[in-house]
Every structure is written in C-alpha cells, then in structure tokens.
Amino acid sequence: MTGIITLIQAAIVFGTVIMLGATGEILAEKSGSLNLGVPGIMYIGGISGLVGVFFYERGNADPNGFACLVIAMSCAIAASFLAGLLYSFLTITLRANQNVTGLTLTIFGSGIANFIGGSLNKLAGGVGQISVAATSKVFKTSLPGVSDMGAIGKLLFSYGFMVYLAVILAIVVQWYIFKSRSGLALRAVGENPGTADAAGINVTKYKYLATSIGAAISGLGGLYYVMDYTKGTWANDGTIEALGWLALALVIFATWKPANTIWGSYLFGILYWMYFYIGGLTRSSQELFKMLPYIVTILVLIFVSTKRRRESQPPAALGLSYFREER
Amino acid sequence: MAKNNELSGKREPLVRIVRRTDAGRIQSWGIRIAAVLVALVICAVLIYALVKMNPLEVYKAMFFGAFGTTRKLWITLRDTAMLLCIGIGLAPAFRMKFWNIGAEGQILVGGVATAVCMIYLKGLPEILLFACMLFLSSLAGAVWGLIPAWFKAHFGTNETLFTLMMNYVAISITSFCVSKWENPYGSNSVGIINPGTKEGWLPDLFGQQYLINVLMVAALVVLMYIYMERTKHGYELAVVGDSENTARYAGIDVKKVIIRTMLLSGALCGFSGFLAVSGASHTISTGTAGGRGFTAIIVAWLAKFNTFTMALIALLLVFLDKGAVEIASKFNLNDYASQIITGILLFFILGSEFFINYRLVFAHKEKHAVQAEGKEA
Amino acid sequence: MQENTAIKLCNITKRFGEVVANSNISLEVRKGEILSLLGENGSGKTTLMNILSGIYFPDEGEIFVDGKEVTIRSPHDSFELGIGMIHQHFKLVDIFTAAENIILGLPGGANLNLKAVAEEVNALTAKYGFELDPNKKIYEMSVSEKQTVEIIKMLYRGANVLILDEPTAVLTPQETKKLFSVLTNMKEDGKAVIIITHKLNEVMEISDRVAVLRKGEYVDTVNTSETSENALTEMMVGKKVSLDIARTEPKNMRTILRIQNLTCINEDGLKALDDVSFAIRTGEILGIAGIAGSGQKELLESIAGLQNPIGESSILYEPKENERVHELVGKTPMQIKELGVSLAFVPEDRLGMGLVGNMGMIGNMMLRGYRSGKGIFVETQAPTKLAKELKEKLEIATPSINTPVSKLSGGNVQKVLVGREIAMEPKVLMTAYAVRGLDINTSYAIYNILAEEKEKGVAVVYVGEDLDVLLELSDRILVLCDGKISGIVDARTTTKEEIGLLMTQIPQKEEEANGEE
C-alpha cells in the first residue's frame, strides 16, 4: 500500500513537469507551430528562475518567501516567453522552417542553461551547492497537517503548489481552446489559416501570442523541475531535455487536448517509475521499462493515423507557415 | 452599415512581402555569408562581455582550439567526419521531405550493434568481425528508419513525431545494454571495450588513428553526391519530395521510394554509430550520439542537401564547438558556451533564408510589383 | 444613381502582369434584386467579385456602397460593408461545427455560447427556408449543406449583398431548387444577390437582371424578362472571331482509345464522370468543351491511370489495327507505360503534376524517360540535348537550362511541359487548358504544335475554355456537362451558340453523337 502511494506521489511530481511542458506546447501547436524547442524552453525557464532567486537569496540574509516566489516565477515566465518570441519571429515573420528552428532553439536553450547553471555551481562552490533554500521551500510547501490525513490526504495534498497550478493551467487552457471565442479563432488558425484570415482573424497575432504564451507555460515546467524535483539545485545531466521530449510525446498522447495531459502525465509518471516498485527487476531490465511512455506514445500515434478520427488528428496546418498570397 | 469612414480614401498596406525568384546563386550566398559574419560579430561581443578579451584574440584562441596541434586537428577532423556522416545519411530523407529527426536513435542502435559484435564476436578473424560490425550496425539503423517509414507510407503517420519517439526507445535499449555490460561493476558505464586486444577498433592508417574515419566519410560524400544527383533512385526521391502528384504522374511508386530511402538513411546513421564506437570512443553510452543527430539535420538543411557544402558547414560547426571549448577552459568557463554560439549562428543563418526567398515591397513601389499576384481561379 | 442601388462599380480595371482580367468595368446591383453575372470561363467574373470581397485590390476604378465611395482592402473590410461572398471553394474549417464556423472571427464575449448561436442560426434558417443542423461537423456534410453554412455565415454577419460564385455547380437539381427558393426569400427581404454563373436556364429562372462579361470586358446589362437564352448566348460568346489557325483535314483516322461507360467519383463522393463513352482517333484533334469542373480533369486522369474509375468503366487501347487490345482501367501509370502505350499528358496543374518545380529543364526532361538505359545511373546527355533544343525551338526564356522551372513565367513553364511531352513522340497527346494564362504569341505556338502533332498522325485531345479556339482548332468537339457527354459535334459545322447551349444543359433526347463511328 505504501509502495503504491509513493509510486503515485512520485508519478505526480514527475508528471507535473511534463504536464506544464505539454500544456504550453498544445497551445502553440493549436496555432500551427510545431515547436521542437520545448526542451530548450524548459531549460531556459528553469535556469532563469534559478538565477533570479539565487542572486536575491545571496543578497538577502533573510529572504522573503513571497518575494522568492514572485522573482522565480516572473523570471521563468519572462525568459521562456522571450524564447517563444524568438521562435515566432523566425518561423512566422521570417518563415524559417519550424523543425529546424525548434531544434536550434533546443540546442541554444540547453547551452545557455547549462552554461549559466555550470557557472552558478562554480560560484556556489560545487554541484548541489546552489543554495536557494528559501525558494525551494516555498515551492515544496504542502498544506499543513497533511501527514495526519492518511493515505488519501497524502495522495492528494502532499505536494507543492505548482502541482495544483499545473492542473489548473491545463484546465484553463482546455477551456480557452475549446470553449472560448478566442480559442475558436486559435483553432481555426491552426487548422486552416486561409479560412481564418478570410474570416477577419489576425493570423500572425494569434500565432505569435499562442506560441509565446505556450512557451511561457512550458518554461514553468522547467522551473518546477528545478525548484521542486531537484530541490533548487542544478545538474548538467540532460534530464530536462529528456523530459522536454517526453512533454512533446505527451502532446500526441493527449491528442492535443490539455485536459488529457492531466491523467496522461501521471500515467507517464507511473510508467516511468514503475520499475522502481516492481520486485525482482535487474537494473538493466529497469532501463527497458523507461521506454514505456515512448512506446505507448508511438502506439497512440499509429492508432490515431490509422483511425483517421478527425478530432484526434494534429492541427491540419501544423508545421506550415502561412503566406496570404500563396494560394 | 455606414460605419466605414475609415474605409474611405485609398490606403494600401505600408510594407508588403512578395516572393522573389530572382536571387541568384551569388546573391544567395552573399546573404548567407553576411548572416554568418553578423552572427560571429555578435558572438564576439558576447564573449567580450564575458571574458573581456579582445574579440580577435578570441577567434585566434578558437582557431588554436580547433587546429592548434596535430592532435587537436585530428580530433576536429574526426568529429567533423562523424557529424558529416550523419548529415549524409539524413540528406536523402530530407530531400524527399521526410522529416527524419530520429538520427539520434538510429546512431545509437548502430552503436549498440557495433558494441555487441565487439563484445560477443571477439576472436573472429578481423575481416569477418568488421564485416559483421558494418553489416549489423547498418541493419540496426535501417530497421530504426524502416519502422516510421512504413507507417508513413501506408497510413501517413506523422514521421516527425514518430522518429522523435524512436530516439528514446533507442536510448532505453542503450541504457539496458550499458548496465548489462557494465565494467567495472557499479560504474554505470561500459568502459573501453577490448582495451588490450583492440579488437573491433578501426585500425590506424599511416600512423594516424582517425585517418580511416575521415577517408570513409570522404568517400561517402562523393558517393552520396552521385547517388542523389546521378542515379535513378536519387532522381525519384527528389521528385517525390517536390510533388507526390508529379511522382505518380511519372509512374513512380511513392510508397516504395519512401521506404527505400529511409532504409538507406537509417543504415547510414547506423553506420555513423559504428564510426562513433569502433572508430572513436571504443565504448557505448547513451551519450554516444550526443545530440549530433539533431545538429546534423541543420547541417543537411542549410547545405540544401549538397554533400560538399555539408562538409563545410559541419567543419564550421565543429570548429565553433572546439574553439568555444578552448576559450571556456582558458577562462574557466564551461563547455556549454559552444552550444550558445552554435545556436546564435544557426538562428542567423535560418533567418537569412527569408531575404533570399522574399522581398519587402514598400507602398510607393507598389505599382512595380504587381506581377507577383495570382490569376483568376 | 438610383435610390435603391446597393453597390456601384465604376471603371474597374485589374491586371495580372500582362493579362487584363477586368477592363474598365462598370456595373450596379440594386437592393431587392437578383443579378446574374454571366460569362464564359476566364471572362473575369470571379476576379471582379473578388475585388468586391477584398481578395484583390483594383488597379483602377471606384466602388460605391450605398452611394458612398469605399476602399476594400481585405475580406474584413468587405464584411464591414455588408458584402458577403460565397466562393466556389468553401472557406470552412472542416473539424468545426456549422455554428462554430458561422461565428468564427466575430467579436463578442469571451465565453462561447454555442447554444445561443445555434438558436440564432435556427431562427435564420427558419426565416429564409434553409435546413441545417448547427451542431453538425463540416466534414460530415454534403456539398449543399456546406454551401448552406456559407450562406448563413454571411447572413449572420449581416450581409446585405450576397455574392455566390457558381453556386449550383456542385448541387443536384433538387438542391438547386431549394437554393433558389432561399435566394428568392432573401431578395424579398430586401437583400441584393449576385450569382456568378454560366447556366442559362438558371439565369432565366432566377434572376431579375443579367450582366454579361466577355473576355474581361463589360458587354451589357439586360432585364431577364426582356431577353432570351439565345440572345444571352450571343452576348456571352460574342461574334465568331477568326483566329487563323491552320486546320488540315484529318488523315488516316482510326480509333486508338475506346472509352466505355467511364464513371469516376470525386473527393466529395459525387460522380465527376457519369457513364461516359466515346472514341479517341488518330490524326484528329478532339476538342473537349465544358464549364470548368464538368469532369475534364477526371477524364484525362482516368486515361493516364491516375484515377480509380468504378463500375463498368473500360478504356481500351488498340495499338494497331487488328492487334491485341489492352484494358487500361485498373492499371498504374507505370503499367500503362510498360504496355507500350505512348501517352503524353499535359495536366492542368503544371507545377503540381507534370513538372518538378525545384528542378531545372534538364531534370524535368528526364521525368518521362529516366528509367531507360541499364544500370543505376540516369542518363543526362539526351535530356540536356533535348532541353537545349527545346529552349531554342520553343524560345523558352530561362536564364539557363538548370534554373528551377518554378522560377519561370507561366508561358515558359507550359512550353517546357508541352515540349517534353511532344518529344516522347506520343501516339496520344492529351492537354488540359494548354494555353491558360499564356499570352497570344505563346498560345499560337502551342496551337501550331498541336496541329503539327495531328499531321503526324497523333491522336490529340484538347481540353479548352475558349470556344473560338476550340471551333477553329478541333475536328470534333465533345461537350461535357455535369460529368456527362451532352454532345459530340463536328467542329467545322457547329456554332458557338450550339456549344454554349450544350455546355449548360443536356439535350432532353439522347441524340446519337454524330462524330461517333
């Protein structure tokens, strides 16, 4: 029983990182931007938040928890928004190829984050020595009294606030895309920009905003990873990149519906951590278990393409740039 | 309905974007080279801001880092060969407009297959061993390419996302093998394979450890150029990439071409894995591909699939990488600086393509540029 | 200007490069009337209406809406002025419901209240007599339902002027009837309706006035009640113009392709070709006339092996007299080629099918014959030689034979394609709209090539839109109407009016096609 609870807890923490990444990416993809720069953006979000509070906590003997929170969040959001803006400028205005631009953004983002992260480590005196204790504590604080609430309480309430924020964001984005007027326009842009344009929708504006705001949300995934998952430290081990690609997988798995990322991400978490809780596995066969989320995603991708159910397809104009005079 | 005061009077958009078709080869390359120069200047400023070193000195140091000693030179050549080899593998797929971003995985399975041979088949005559390594590494890569290609050809399954996922399956398989072959126990690494006997290591040529890598890839540059430009296969895949309808019109079996081309693309990426394991590191890890599968996409794309241009771009990227590492170690920064520089450079090159394909037309020139519009449907 | 004028166009001119699509056109439409805009393909109807709907910006001329001069720069401006255009290719998002498409892009509260929209839509449909389920997805709809969505979309936006581009082209007779009753309701509601069409019977049935365009120029506007189908045909096609295309008497005619009961289904599940039977003969030019989209594309593609004909369809190829006959239906282009059927095909979409845009002339010359020769290498000498010859002979303006053909002008692109197809010395040569978008000189160059091929004994199929050319170039003319053959006539004795009528309606009694063997 405890085993299952710890498994689910681990899965939820793991899932939250990719849920944020995927929610942001869905927003971008719904506008037609296949942003393969998600891993890079998550890197940028994570490192910017860390840098912000690192210098704040260094300069303040008694850092204010709320200020830590605001600084971390706003740095992460602003930096990843800018990364999204860069991608948008290149692909939308300059019509560079989306895949190549996204991959470049991933290279660039991981470079910049690991460069700064490595320098911070050096500044702080070694890997794991970065001290943003106050901030990490804020991110990890759960509801008081949870430990007394038994299994259910632990399952539901033992996490930092971003676990709940991610769920709320997924629901809000789901509502925005599928229930709001502006979301309708956004979907039209991703499905058929020519039609959207003819209906008087500003295609460029929608693509820019969706891609950049999506990037900001994805960036929060990176921040959560740094502040909660690794407790406010930095390691150049490439985990964020792996999680970023998994977030892209989750987008497919969720068939472009943010609400599905909620259970999908937890399921990915369970699949990812399951080896830990299954007895009798050698370490090498544990490694094989880690491919499960990807295998499942491939199966979903194949299933979706053979079924041809219209609602589950990728946005029809995904990956294409739009130029009104080319028709 | 008459709320249209702002609609009266003639106002046309201030700036319009018009597709241009007149940029010649010289002009195109001029724009690209200008982009590279601007990027290098920006990088120089950035480096100056970080280390307060004269930018010229910086590039001199970078040059030393890449070519300064014989050993550095050979390592630069070796890494260029590796990156280029992957790019050569990707080129036919991308020319066919098949987005194979699964080179990482194809390299890894090729590398794993090579390591399998080195570990389990040692004792075989050298020729036979190398034949097995070559064959199995290419086969593994080809299978990794075939799976998404088959689904793409038959169901139109999105190959970008499929090949991406295949990378992580390959990583898991590699991790599995690494922990199986762990040496010494608990190190979570395979260590150098056959360190004493050097079985399955690509041999030195004229006393140069990496000459054989460079020569093999150089041969591939020529062969792939010929394949794409001069053979029937190469012609067919180019037609498919341009327009599937035209391909059908000409009687080309589009499915067959997709599958065949991806077998080749995967096999060459698998071969790159062989180069990485047998010809360079003599070990296998999840870092064997090291993101080069992604960088090579950019190499192939920017070179417009011309293998000789790809060689230049690969060299430029490896040079930047080595150079940045040199600066980093000199100034006690870390190696990731090279990725930043690479990123900036690539952003500029990508952005510059716009100015080759489009032209900005300002309102007062409007009358001269009306030819670009369509006809009655 | 009259009180009830909804829109007035004054001296509108629109050029595309050297082609003048609209020349100095003045036209007005009144509130509470249905105006038909009549003209052949390429007469500039759609261009003119696209100016009104904000797709094109006119080079010269003024537009007045409700008596005020306006500038229409975008579809958005057009909406604001109460103009709604229903294009031939619907602008709908497939995975949305009708209601979602209808409110797309409209301002309003953040929350989408689709129930309320559905109610409003239902009110509109009731008012004008449509039938539509607002919650149905577009991809589940028939063509006529999609059209209904487009019309309601415009009405919902408060359009007072409704422009429909060939609305009946895709409808069954019953659906057409329903549409007309809806249009009448709208007219009675005080809206102005413009329908672009070339179906005379419909013009007579529905419209109050008819405006006629011919070759980009305005001919006249007449009251429907004061005119007749024959008078309109004459206005539409004009006096016969002599083009001086040299036409020789056909020699050594014999059937090389026998098409029987050919039936094809298009993407929308409708019959694009319906039980078509005729013969293609060597040494003659068979002209194919018909309104755009009457099945011309499917007909040629079926013969080339690019369609999947259904039912009893049969295409028989007789290489020589009394030789073995081959069935082409069910074969791929490759298999057809392997049978030794020497078939040249100049498709309508030159760069999308037929040429490789990113390759130069040499690469495109290879497309037909690259498989020849043993070994894995493509042979480049012959294609290079051919490219040079064609460049010289057809005066193809290209910087070099390596310049990607997508960078050439339309006329030169066509010369590359036609030149290549002729060079394979075909027995059958099929061309679709071979001179579309070309200037006069290039057009004549193409006509001469076709006439030469006929002299050589090739069976030439010429799908065209300019009736003058069809009459002077062809030996027989096959007229398609709604995927069926409405007649096969002798080009030497027929008249423009006869073809014009056949294009728009199938004769009641199935006449024996007179050119048939």
(request) Treating the angle as unsigned and between 0 and 90°, give the value, to the nearest 10°, between the Cα long axis of helix B:159-181 and the longest Cα principal axis of chain B. (result) 20 degrees
(message) Using the alpha carbons of the stretch A:48-187, what is the convex hull volume per residue in cubic angstrom, as a whole number?
(response) 171 Å³
(message) Compute a Gaussian network model of chain A, connecting alpha carbons closer than 10 Å, and tell me which residue from A:216, A:166, A:316 fluctuates the most.
(response) A:316
(message) Once you keep just the Cα pairs under 8 angstrom separated by 6 or more residues, what percentage relative contact order results for chain C?
(response) 15 percent
(message) For a protection proxy built on the mean count of beta-carbon atoms within 10 angstrom, sort B:47-54, C:317-324, B:331-338 highest first, please.
(response) B:331-338, B:47-54, C:317-324
(request) Express as a percent, rounded to the nearest 5, the fraction of DSSP beta bridges in the protein assembly as shown (both residues included) that run antiparallel. (result) 55 percent
(message) Suppose R0 equals 22 Å. What FRET efficiency, 1/(1 + (r/R0)^6) with r the Cβ-Cβ distance, do residue B:67 and residue B:97 give to the nearest 0.05?
(response) 0.05
(request) Sort B:32, C:254 so that the residue with the fewest other Cβ atoms within 10 Å of its own Cβ comes first and the one with the most comes last. (result) C:254, B:32
(request) Among A:159, A:55, A:93, flag the residue with its Cα farthest along the positive direction of the charge dipole of the stretch A:2-312, charges on Cβ as +1 for Lys/Arg and -1 for Asp/Glu. (result) A:93
(message) Filter B:255/C:331; B:52/B:330; C:320/C:456; C:8/C:199; B:97/B:255 down to the pairs with a C-alpha to C-alpha distance above 21 Å, please.
(response) C:8/C:199
(request) Compute the distance in nm between two label points, each set 7 Å from the Cα along the Cα-to-Cβ direction, one at residue C:338 and one at residue A:67. (result) 8.0 nm
(message) Loop by DSSP (not H, G, I, E, B), at most 12 other beta-carbon atoms within 10 Å: where is the longest site-free stretch of chain A for GluC sites (Glu not before Pro)?
(response) A:1-324
(message) Cross-link candidates for residue A:140: which aspartates and glutamates have Cα within less than 19 Å, leaving aside residues fewer than 8 places away along the same chain?
(response) A:57, A:62, A:148, A:228
(request) Identify all lysines with a Cα-Cα distance to residue B:180 below 29 Å; exclude those on the same chain that are fewer than 8 residues away in sequence. (result) A:290, B:122, B:198
(request) For a footprinting-style exposure proxy, rank A:270, C:376, A:240, A:41 by other Cβ within 10 Å, fewest first. (result) C:376, A:270, A:240, A:41
(message) Per-residue Cβ counts within 10 Å, from other chains only, averaged over A:91-103: what number is that?
(response) 6
(request) Specify the residue with the greatest mean-square fluctuation among B:281, B:137, B:329, computed from a Gaussian network of chain B linking alpha-carbon atoms under 10 Å apart. (result) B:329
(request) Assign one of three labels to the stretch B:214-323, namely rounded, prolate or oblate, based on the Cα gyration tensor with a ≥ b ≥ c the square roots of its eigenvalues; rounded applies when a/c is under 1.5, prolate when it is not and a/b is larger than b/c, and oblate otherwise. (result) prolate
(request) Starting from 0 in steps of 20 Å, tell me what percent of the Cα-Cα pairs of chain C lands in each bin. (result) 21, 51, 27, 2
(message) Counting only other chains, and only Cβ atoms inside 10 Å, what mean value do you get across the residues of B:238-248?
(response) 6
(request) Write down the percent of antiparallel bridges among all DSSP beta bridges whose residues are both part of chain C, to the nearest 5. (result) 55 percent
(message) Quick check: convex hull of the Cα atoms in the protein assembly as shown, volume per residue, rounded to a whole Å³?
(response) 200 Å³
(message) I'd like the mean, over residues of A:182-191, of how many other protein chain beta carbons sit within 10 Å of each residue's own Cβ.
(response) 4
(message) List the aspartates and glutamates whose Cα sits under 19 Å from the Cα of residue C:271, skipping any in the same chain fewer than 8 residues away.
(response) C:140, C:145, C:166, C:175, C:298, C:301, C:312, C:482
(request) Using only alpha carbon positions, build the gyration tensor of chain B, then give the equivalent ellipsoid semi-axes as the square roots of 5 times its eigenvalues, largest first, whole angstrom. (result) 42, 29, 19
(message) Nearest 500 deg cm²/dmol is fine: what mean residue ellipticity at 222 nm does chain B get from its DSSP H runs of n ≥ 4 alone, each adding -39,500 (n - 2.57), divided by its residue count?
(response) -23000 deg cm²/dmol
(message) Let me spell out the model: positive unit charges on the Cβ of Lys and Arg, negative unit charges on the Cβ of Asp and Glu, origin at the Cα centre of the protein assembly as shown. What dipole size does that give, in debye rounded to 20?
(response) 3920 debye
(request) Report the relative contact order of chain B, percent, no decimals, based on alpha-carbon pairs under 8 angstrom and at least 6 residues apart. (result) 34 percent
(message) Past the 38 angstrom mark, what percentage of all C-alpha to C-alpha distances in the stretch A:2-312 do you count?
(response) 13 percent
(request) Let me have the relative contact order for the stretch B:77-158, percent, based on Cα pairs under 8 Å that are six or more residues apart. (result) 28 percent
(message) Based on the alpha-carbon set only, what is the convex hull volume of the stretch C:244-376 divided per residue, in Å³?
(response) 176 Å³
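Read-outs throughout are calculated quantities, based only on the coordinates presented, and are distinct from any laboratory measurement. Note that this is a predicted model, so its numbers are computed, not measured. Quick reminder, even Gly has a Cβ in these numbers, built from the backbone with ideal geometry, and neighbours come from all protein chains shown.
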